[in-house]
Amino acid sequence: MRNSKTQFIAYQGFSPLYCGMIIAFLLFTSGEIALGADDSAEVKLPEKILFNKHIRPIFTSHCTACHGGVKQAGEVSFVYRDSVLPPDGWVIEPGDPESSSLIGRINSDDPDEVMPPPEHGESLSALDIAILTEWVRQGAKWEDHWAFTRPEKQALPIVDEADWCRQGLDYYVRSRLEKEGIQPSPETAPERWLRRVSLDLIGLPPSLEERQSFLNKLKANNESAYTQVVDRLLNSPHFGERWASVWLDQVRYADSKGLGLDGRRNIWKYRDWVISAINSDLPYDEFTKKQIAGDLLPEPTIEDYIATAVHRLTQSNEEGGTDDEEFRIAAVLDRVSTTWQTWQGMTFGCVQCHSHPYEPFQHDEFYRFAAFFNNTSDTDLNEEWPVLQIPLDPNNYEDAGRLDKHISDLRTEIWREEFHLLNDSQAWSPLTNLSAYTNNATKVEVERNGNHDEFHTVGTISRNSDITLEAPLPESLSQLTAIRLTALPLDPQSAVPDSEWGFVMSHISAELLIPGIEEPQALNFERLIIDEPGPFYDPQESLNAKSNRGFSAYSRIHHPRQAALILKEPVLVPDGAQLRVTLKHRVYLLASFALITKRGHLAVSNDQRFLDLNSNQEFIAKRNQLKELQQQRKVLKSTAVPVLRERPEHLGRPMHVFIRGLFLTKGDEVTPGTPASLPPLPDGISHDRLALANWLVSPENPLTARVAVNRVWARLFGTGIVATEEDFGSSGEAPSHPELLDYLAWRFQHELDWSTKKLLKELVLSSTYRQSGKVRPELLERDSENRLLARGPRYRLSAETVRDQALAVSGLLNHNMFGPPVHPPIPDGVWQPFQSSDKWNTPEEGEADRYRRSIYTYVKRSIPYPMFASFDAPSREFCTPRRLRSNTPLQALMTLNDATFAECASALAGRMQEAAATPREQIQHGFLLVTCREPRDEELNQLESLFESTTSDQPTAKLTIVASVLLNLDEFLMK
């Protein structure tokens, strides 16, 4: 045995003869081993032991709890090859089980030596030991986890019944069924397929007219009729509404901010963007890039900025006294976890605190990935800055984008002409002998710093503080043309990495104190020049006494800020005159943090160039043009939407590893990067969010396409090819059809050009999808969960589809699209928001917004809509890759008693009554509306009997009872 290393003590009591007997037994029993007395069957050992298929599951189930990514007892980890195999590892000798410490320990009779130890759970089975031993004998070939290997193009498998296969995917399904000796189910009835595909593609049932049209076309051309239905549904505007709901689960979309107060968030424009993007079949790679880094694209459009709101859906804390930086960091870390689960199908959040217990992801790699998101401008504030004014009417997006760009370019051009004067040291004379005082308890002190005096606050800052500064003007100053104010961080050394609260100068006023004259001389300003273009607040507002906004460093101050107040005309300065400047501050955050100028100094100028700009006709024309453009932009009614914006490079935040996930305990500094177990970022490019987005959808990334097609598959068939949609790692389930998954992933990326609509068309037109969903007795025994796909999908509909379908068949559904969230009926007593003025205003019965599609329902994280929660919809606090379906009495209580379903039953009864003369015909019509098929005689007889047995004398009331039963049929609630 090589290098026993006392940390993993060499086994005692292990007999080499025993190991040899095991190997001989395996070799001379033609691959069959008899299990223990508790096992009744003999299992054939695979001829070739594969690491991913046979070995990794054993390590994950029995070993990695102690020898994994988190805990590495004895410095051994079965997550990393180098830890167990030569030249660095020592517990396995490839080709030599007798010399392998691993094999000895799992066979030991000594309770102090055997692995896993008796107190750590169930010991390895005889089959597990045999497989591990044979694997070592065969050379202990290690493999990367299947999900970390790139899908490759492959030939379709050969099957006996090729005529059954309509699409390439069918060959993989049929091949597996033939190997299992199972026949596929017969094709489902056309009208059942029609209802199934309608609910899957647009989330709504087919109308009676659509049903009849399909059946008529079937008589002429069978396959063409199916194709025409699919094309119609894919082109329906309701397609985007149905599939957007799937995406919004992934990205934790909500109309509220979460956590304690859970106030409203105005972000519905993102939801509408997703619907539109899906309807337009925006390729998935572009869909990804726009959301991860839309603001970094060349010449980004308004839609590109809206797309970045995906990562403004993080929860934020509006409570007073919270640490803004703590919750900003929490948002960054949430973006990391959400990105990984949404695009990579991997659990990455646990790497925040330690290396991954099962996957080859190191602790520091989490923070390298977090560095991609650490340099955005957002903070944990009520205002949710940065926001973008998005026109309410999407038809105005192009005009708004054009105006925004023109305004930005012109503002920058004007600013450049002004900035060189602001920054010209020769133009300014710093003030000394400064005195400072306030209007309240805020304390201000003055100290000399080089050639000027600086004021700074001391101790507690009071709200609504006015800081007044007085200083004698230089004797050399004969006239005054401009005043410059410089605002500084209290602690310049920590201003970038650990910035302090900034300031907002709500109003700036100035006056001259002239000896011998009692009344101060007020100074009138033409405008205010600042040190950067495109500020958060319009700095000119500081000259408006009625405004609370103006020149600011919002919400943090990272470096010195400057503003120059330009007088309308020069003011003569008498001997002994003093300048008085008053800075008013009226903005505060979270009820306690006053945004006040905490440190600064003054300078004055008599430079005529400032006034020359006032009379420069070309410059005046530009300013007037800017005002005109800004006015044109205001005409386009807009709503403020939180978006992502990158901070300037000079304000880049450093990213550190957080020891044990604690943001206050910082370790080594790291740069943006991806895990070493996956393909690296290209060299020679900026490692920003755009590089990350390109990496996610690059041909080298093995996960993105697989995760995307698996998600689509799961929505159609009820379970993904990888059942654990949220976990493609070694602790998740292996794919039921790995070759099929890789075929679809490669085709989606390389042949379908990332088109989700093209992918869906192939899936729903396949023979696999068109099978009957009826469960055959032999399938119930062999494959109760339909993992072999020997029958069509049959499972309960999603919460949104259950509600939308009821509204549709009753004739109540309002098909209007887009817009702010709506408030359908909610049970009394449910809406009790904590310390919030948030209101749930339900439209009156009969008003259109009462019956909008479910995707437009207001999503409040702390108070989920009860009907949705009962049917397993998530609260959207976190990324939810997969909804777990339940079956509880609450669901039946909801569909029987909820106000929406009661209205639907009444409206459906009205439709039934209008459609036919006799109760039997009316019931027949209602059944057809609800199930998309004609009722059988026994079904019709039962419903007619229910109608007759109802005690009410009113036919409408009797039909309402029947309609309620129809809306509660399993066939209605399932597909």
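Of the residues G576, G600, G652, only one is closer than 30 Å to T457 by Cβ and more than 48 Å from the chain's Cα centre (by Cα); which?
Details: G600 fails: more than 48 Å from the chain's Cα centre (by Cα); G652 fails: more than 48 Å from the chain's Cα centre (by Cα).
Going through G576, G600, G652 in turn, the sole match is G576.
Which one is nearest to D249 (Cα to Cα), of the residues in segment 834-849 that are surrounded by fewer than 13 Cβ atoms within 10 Å (Cβ to Cβ) and among the polar types (S, T, N, Q)?
It comes out as N841.
Enumerate the pairs (first residue in segment 805-833 and surrounded by fewer than 17 Cβ atoms within 10 Å (Cβ to Cβ) and in a helix (DSSP H, G or I); second residue anywhere and modelled with pLDDT of 95 or more and not acidic (D, E)) with beta-carbon separation below 8 Å, excluding pairs fewer than 6 apart on the same chain, so at least 6 apart or on different chains.
none
Can you tell me which residue among R561, R527, R580 is basic (K, R), in contact with a strand residue (DSSP E or B) (Cβ under 6 Å, 6 or more places away or on another chain) and at pLDDT 95 or above?
One residue alone meets the criteria, R580.
Does segment 946-957 contain any residue that is under 21 Å from Q805 (Cα atoms), part of a helix (DSSP H, G or I), at pLDDT 95 or above and not aliphatic (A, V, I, L, M)?
no
Considering (1) under 30 Å from D531 (Cα atoms); (2) out of contact with any strand residue (DSSP E or B) (no Cβ under 9 Å at 6 or more places or on another chain), say which one L421 fails and leave the rest.
(2)
Can you confirm whether D668 is touching a residue at least 24 places away in the same chain (Cβ under 8 Å), acidic (D, E) and either closer than 27 Å to T288 by Cα or outside any loop (DSSP other than H, G, I, E, B) (or both)?
It is true that D668 is touching a residue at least 24 places away in the same chain (Cβ under 8 Å), acidic (D, E) and either closer than 27 Å to T288 by Cα or outside any loop (DSSP other than H, G, I, E, B) (or both).
Here are some residues: S506, S494. Which one is within 41 Å of the chain's Cα centre (by Cα), surrounded by 17 or more Cβ atoms within 10 Å (Cβ to Cβ) and among the hydroxyl-bearing types (S, T, Y)?
Only one candidate passes the filter, namely S506.
With the requirement that a residue be surrounded by 11 or more Cβ atoms within 10 Å (Cβ to Cβ), closer than 27 Å to P820 by Cα, out of contact with any Asp or Glu (no Cβ under 7 Å at 6 or more places or on another chain) and not β-branched (V, I, T), what does segment 635-675 give you?
Answer for segment 635-675, where residues must be surrounded by 11 or more Cβ atoms within 10 Å (Cβ to Cβ), closer than 27 Å to P820 by Cα, out of contact with any Asp or Glu (no Cβ under 7 Å at 6 or more places or on another chain) and not β-branched (V, I, T): S638, A640.
For segment 932-939, indicate whether the set of residues that are within 45 Å of the chain's Cα centre (by Cα), free of Cβ contacts under 8 Å to residues at least 60 places away in the same chain and within 25 Å of I826 (Cβ to Cβ) is non-empty.
no
In segment 850-870, which residue that is more than 22 Å from the chain's Cα centre (by Cα) and more than 21 Å from G819 (Cα to Cα) is surrounded by the most Cβ atoms within 10 Å (Cβ to Cβ)?
Going through the qualifying residues, I end up with M867.
Whether any residue in segment 765-780 is surrounded by 21 or more Cβ atoms within 10 Å (Cβ to Cβ), touching a helix residue (DSSP H, G or I) at 6+ places or on another chain (Cβ under 6 Å) and either aliphatic (A, V, I, L, M) or at positive phi (or both) is what I want to check.
No, because not a single residue in segment 765-780 is surrounded by 21 or more Cβ atoms within 10 Å (Cβ to Cβ), touching a helix residue (DSSP H, G or I) at 6+ places or on another chain (Cβ under 6 Å) and either aliphatic (A, V, I, L, M) or at positive phi (or both).
Return the residue satisfying two criteria in turn: it lies in segment 509-544 and is among the hydrophobic types (A, V, I, L, M, F, W, C) and closer than 14 Å to Q562 by Cα, and of such residues it is nearest to the chain's Cα centre (by Cα).
Applying the filter and picking the extreme gives I530.
Can you list the helices (runs of 4 or more DSSP H) lying wholly within segment 129-234 that have 2 or more residues being surrounded by 21 or more Cβ atoms within 10 Å (Cβ to Cβ) and under 33 Å from the mean Cα position of the chain (by Cα)?
168-180, 190-202, 222-234
Which of the residues that make up segment 385-423 are under 24 Å from E649 (Cβ atoms) and of a type in the set (D, E, K, R)?
D404, K405, D409, R411, E413, R416, E418
Any residue in segment 108-128 that is more than 16 Å from A73 (Cα to Cα) sitting within a Cβ distance under 7 Å of a residue that is not in a loop (DSSP other than H, G, I, E, B)? List the pairs, counting only those 6 or more apart or interchain.
Taking only residues 6 or more apart or on different chains, the pairs are P111/P118; L124/H62; L124/I106; A126/I33; L127/I33; L127/V43; D128/I58.
Answer yes or no as to whether T308 is under 19 Å from Q291 (Cα atoms), buried (at least 23 other Cβ atoms within 10 Å of the Cβ), touching a helix residue (DSSP H, G or I) at 6+ places or on another chain (Cβ under 6 Å) and at pLDDT 90 or above.
Working: under 19 Å from Q291 (Cα atoms): yes; buried (at least 23 other Cβ atoms within 10 Å of the Cβ): yes; touching a helix residue (DSSP H, G or I) at 6+ places or on another chain (Cβ under 6 Å): yes; at pLDDT 90 or above: yes.
Yes: the conditions hold for T308.
The values are calculated or read from the model by the stated rules, or taken from the named source; none is laboratory data. A quick note: this is a predicted structure, and the numbers were derived from the prediction, not measured. Ideal geometry is used to build each Cβ from the backbone, glycine not excepted, and the neighbour counts take in all protein chains shown.
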